[in-house]
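Just below is one structure, and these are the notes that go with it.
The values are calculated or read from the model by the stated rules, or taken from the named source; none is laboratory data. Being a predicted model, the structure only gives us computed values, none of them experimental. Here the Cβ positions follow ideal geometry from the backbone for every residue, glycine too, while neighbour counts run over all protein chains shown. Keep in mind that these areas ignore ligands, DNA and RNA; they rest on the heavy atoms of the full protein, side chains included. Shrake-Rupley method; radii C 1.70, N 1.55, O 1.52, S 1.80 Å.
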Amino acid sequence: MAYFPNIETIAYEGPTSKNPLAFKFYNPEEKVGDKTMEEHLRFSVAYWHTFVGDGSDQFGVGTMIRPWKQYSEMDSAKARVEAAFELFEKLNVPFFCFHDVDIAPEGDTLKETYQNLDTIVDMIEEYMKTSKTKLLWNTANLFTHPRFVHGAATSCNADVFAYAAAKVKKGLEIAKRLGAENYVFWGGREGYETLLNTDMKLELDNLARFLHMAVDYAKEIGFDGQFLIEPKPKEPTKHQYDFDVATALAFLQTYGLQDHFKFNIEANHATLAGHTFEHELRVARIHGMLGSVDANQGDTLLGWDTDEFPTDLYSTTLAMYEILQNGGLGKGGLNFDAKVRRGSFEPEDLFYAHIAGMDSFAIGLKVAHRLIEDRVFDAFIEERYKSYTEGIGREIVEGAADFHKLEEYALQLGDIRNQSGRQERLKTLLNQYLLDVCAAR
Ligand code: XLS
Ligand code: CA
Ligand code: CA
């Protein structure tokens, strides 16, 4: 049975195409530099938003028309696998991601949950034998069920810690079986609501213990995927421990975990933390910790995690700029952790949304590649920091200066001259490059 009978395989038709069900900029085979677009972008579909999300919000029930909704729980889970691989193939995406509860319903007991998971993982494994779509990452949902009300690895209740450990253990076994490239830890409820009832030190120590156990178990079973921490400052918890990249990096370093993890950076989480997407990517990149990306965007008029499909070309360009400067994403990818709006409830909207995101990142890739090739910002930055390549600046950088020497130097300085940062000029250049790529037809 076809779940999207009206949709053909989405083809690249170029920027002048008027066909809404075609790529205008994403041409998987086209080379940008030394890699194809497909190799650079490593797109991934998020199972939860695309196959589970029903469009419900705090004020209203679900709106999504989804052909797999007509079945009972396990049958619906099986139908979702069939629908998923149909969509993967029609979009020609190389990767997908899921939480355990996205693919199979929880049973009455943990044992039953495992059985449900095994049934669906068998089915996914079978599909993966003939599909080109691979598993970018999976993860355990440690936030939806009421047992996680006070957290998972940071819960005040040791039974919950144990239960969460069992879910992650199973998740790692699934990751190994399906050949996942990464495994994600997102601490949705690892945080606190009020310090009045919270032993923060114990909670952080326990979180580190939990992650060390995960590292050990992955080693034990020979799972060699990359471990990723996904920072988010708040929502659902008022304060989440993995607030942003800098905070989570300090945590990893404090507990000796930094060599085992990288970051999965989500655009909308960056903005919730009061940063830009590119800021979070930059912080991770300069520390060698950029692992993967949850590609979406927020809404500046709304203060929460709206998980919209990425269409802001400045954002996709500046993100790709960081990713290219990083030498690519390695085992990571661009996972559309994004959902169609509640009013976009028809099945074909899932295709329009992914096409929008894929084309937007393809444009971002092309623009970023040209900016780097022409050394537009690099040349400017090099010139801006030139004072550190000679004289006293060079001595500072090489560790040959101390406060005595610097004071001596400062005392004999005349007027200090600074140069303009040229921000507006640089933004115009960015616009020019963007318009050039978009106009190239
Ligand atoms: C929620 C997170 C979540 C993680 C995976 O805000 O983005 O979906 O990506 O648990
Ligand atoms: Ca995410
Ligand atoms: Ca999110």
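For the stretch 91-113, enumerate the residues that are part of a helix (DSSP H, G or I) and surrounded by fewer than 19 Cβ atoms within 10 Å (Cβ to Cβ). I'd like the intermediate steps shown before the answer.
The first filter runs over the stretch 91-113 and keeps only residues part of a helix (DSSP H, G or I), leaving 91, 100-103, 110-113.
Of everything in the stretch 91-113, those that are part of a helix (DSSP H, G or I) and surrounded by fewer than 19 Cβ atoms within 10 Å (Cβ to Cβ) turn out to be Leu110, Lys111, Glu112.
I'm trying to understand the selection: among the residues of the stretch 324-339, which are away from ligand 2 (no atom under 16 Å from the Cβ) and either crowded, with 22+ Cβ neighbours inside 10 Å or not in a loop (DSSP other than H, G, I, E, B) (or both)?
The answer is Leu324, Gln325.
Identify the single condition in (1) over 19 Å from Gly225 (Cβ atoms); (2) aliphatic (A, V, I, L, M); (3) open to solvent by 10 Å² or more (accessible area, probe 1.4 Å) that Ala295 does not satisfy, given that it satisfies every other one.
The number of the failed condition is (3).
Exactly one of (1) within 16 Å of ligand 1 (Cβ to nearest atom); (2) free of Cβ contacts under 8 Å to residues at least 12 places away in the same chain; (3) small (Gly, Ala, Ser) is unmet by Ala270. Its number?
The number of the failed condition is (2).
Can you tell me which residues in the stretch 365-417 are β-branched (Val, Ile, Thr) and within 30 Å of Asp312 (Cα to Cα)?
Kept after step one, since they are β-branched (Val, Ile, Thr), are these residues of the stretch 365-417: 367, 372, 376, 381, 389, 392, 396-397, 416.
Once the filter is applied, which keeps residues that are β-branched (Val, Ile, Thr) and within 30 Å of Asp312 (Cα to Cα), the stretch 365-417 yields Val367, Ile372, Val376, Ile381.
I'd like to know if the stretch 248-265 contains one or more residues that are polar (S, T, N, Q), touching a residue at least 40 places away in the same chain (Cβ under 8 Å) and out of contact with any Cys (no Cβ under 6 Å at 6 or more places or on another chain). Outline the logic, then answer.
Step one: of the stretch 248-265, the residues polar (S, T, N, Q) are 253-254, 258, 264.
Narrowing further to those that are touching a residue at least 40 places away in the same chain (Cβ under 8 Å): 254, 264.
Okay, now just the ones that are also out of contact with any Cys (no Cβ under 6 Å at 6 or more places or on another chain), so 254, 264.
Within the stretch 248-265 (the criterion being polar (S, T, N, Q), touching a residue at least 40 places away in the same chain (Cβ under 8 Å) and out of contact with any Cys (no Cβ under 6 Å at 6 or more places or on another chain)), the answer is yes, since at least one residue qualifies.
Run down Ala248, Ala166 and say which single residue is small (Gly, Ala, Ser) and either more than 26 Å from Ala273 (Cβ to Cβ) or more than 23 Å from the chain's Cα centre (by Cα) (or both). Working first, answer last.
Numbers: Ala248 fails: either more than 26 Å from Ala273 (Cβ to Cβ) or more than 23 Å from the chain's Cα centre (by Cα) (or both).
After ruling out the rest, the residue left standing is Ala166.
Do we find that Phe309 is closer than 22 Å to Pro20 by Cα, among the hydrophobic types (A, V, I, L, M, F, W, C) and within 16 Å of ligand 2 (Cβ to nearest atom) in this structure?
Numbers: closer than 22 Å to Pro20 by Cα: yes; among the hydrophobic types (A, V, I, L, M, F, W, C): yes; within 16 Å of ligand 2 (Cβ to nearest atom): yes.
Spelling it out, Phe309 is indeed closer than 22 Å to Pro20 by Cα, among the hydrophobic types (A, V, I, L, M, F, W, C) and within 16 Å of ligand 2 (Cβ to nearest atom).
Given the condition under 30 Å from Lys90 (Cα atoms), outside any helix (DSSP H, G or I) and basic (Lys, Arg), answer yes or no: does some residue in the stretch 125-134 qualify? Quick ask: steps written out before the conclusion?
If we filter the stretch 125-134 for residues that are under 30 Å from Lys90 (Cα atoms), which is where we start, we get 125-134.
Next cut, outside any helix (DSSP H, G or I) only: 131-134.
Filter once more, keeping what is basic (Lys, Arg): 132, 134.
Scanning the stretch 125-134 turns up at least one residue that is under 30 Å from Lys90 (Cα atoms), outside any helix (DSSP H, G or I) and basic (Lys, Arg).
For residues that are open to solvent by less than 30 Å² (accessible area, probe 1.4 Å), of a type outside the set (A, V, I, L, M) and more than 16 Å from ligand 3 (Cβ to nearest atom), tally how many sit in the stretch 39-54.
So the answer is 3.
Can you tell me which of (1) farther than 18 Å from Trp186 by Cα; (2) within 14 Å of ligand 3 (Cβ to nearest atom); (3) of a type in the set (A, V, I, L, M, F, W, C) is the one Leu313 doesn't meet?
Result: Leu313 passes all but (2).
Answer yes if at least one residue in the stretch 285-302 is within 16 Å of ligand 3 (Cβ to nearest atom), in a loop (DSSP other than H, G, I, E, B) and under 12 Å from the mean Cα position of the chain (by Cα), and no otherwise. Steps first, please.
First pass over the stretch 285-302, keeping only residues within 16 Å of ligand 3 (Cβ to nearest atom): 292-300, 302.
Remaining after also requiring in a loop (DSSP other than H, G, I, E, B): 295-296, 298-300, 302.
Then drop every residue that is not under 12 Å from the mean Cα position of the chain (by Cα), which leaves 295-296.
The answer is yes, given that some residue of the stretch 285-302 is within 16 Å of ligand 3 (Cβ to nearest atom), in a loop (DSSP other than H, G, I, E, B) and under 12 Å from the mean Cα position of the chain (by Cα).
Condition test on Asn157, is it modelled with pLDDT of 95 or more and within 13 Å of ligand 1 (Cβ to nearest atom)?
Numbers: modelled with pLDDT of 95 or more: yes; within 13 Å of ligand 1 (Cβ to nearest atom): no.
Here the answer is no, as Asn157 does not meet what is asked.
Filter the stretch 5-38 down to residues that are in a loop (DSSP other than H, G, I, E, B), touching a residue at least 40 places away in the same chain (Cβ under 8 Å) and either under 22 Å from Leu87 (Cα atoms) or open to solvent by less than 50 Å² (accessible area, probe 1.4 Å) (or both), then give me how many there are.
Narrowing the stretch 5-38 to residues in a loop (DSSP other than H, G, I, E, B): 5-10, 13-21, 24-30, 33-34.
Narrowing the set further to residues that are touching a residue at least 40 places away in the same chain (Cβ under 8 Å) leaves 6-10, 14-16, 20-21, 24-28, 33.
So of that shortlist, the ones also either under 22 Å from Leu87 (Cα atoms) or open to solvent by less than 50 Å² (accessible area, probe 1.4 Å) (or both) come out as 6-10, 14-15, 20-21, 24-28, 33.
The qualifying residues number 15.
Considering only the stretch 146-182, state which residues are in a loop (DSSP other than H, G, I, E, B), buried (at least 16 other Cβ atoms within 10 Å of the Cβ) and out of contact with any Leu (no Cβ under 9 Å at 6 or more places or on another chain).
Matches in the stretch 146-182: His150, Ser155.
Out of Gly53, Gly62, I need the residue that is in contact (Cβ under 8 Å) with a residue 12 or more places away in the chain and of a type in the set (Gly, Ala, Ser). Which one? Full working, then the answer.
Numbers: Gly62 fails: in contact (Cβ under 8 Å) with a residue 12 or more places away in the chain.
Being in contact (Cβ under 8 Å) with a residue 12 or more places away in the chain and of a type in the set (Gly, Ala, Ser) holds for just one of Gly53, Gly62, which is Gly53.
May I ask you to verify whether Tyr321 is away from ligand 2 (no atom under 16 Å from the Cβ), surrounded by 19 or more Cβ atoms within 10 Å (Cβ to Cβ) and either touching a residue at least 60 places away in the same chain (Cβ under 8 Å) or not in a loop (DSSP other than H, G, I, E, B) (or both)? Spell out the reasoning first.
Working: away from ligand 2 (no atom under 16 Å from the Cβ): yes; surrounded by 19 or more Cβ atoms within 10 Å (Cβ to Cβ): yes; either touching a residue at least 60 places away in the same chain (Cβ under 8 Å) or not in a loop (DSSP other than H, G, I, E, B) (or both): yes.
Taking the combined requirement at face value, the residue satisfies it.
Being away from ligand 2 (no atom under 16 Å from the Cβ) and open to solvent by 10 Å² or more (accessible area, probe 1.4 Å) narrows it down to one residue among Glu203, Glu190; which is it? Full working, then the answer.
Details: Glu190 fails: away from ligand 2 (no atom under 16 Å from the Cβ).
Only one candidate qualifies: Glu203.
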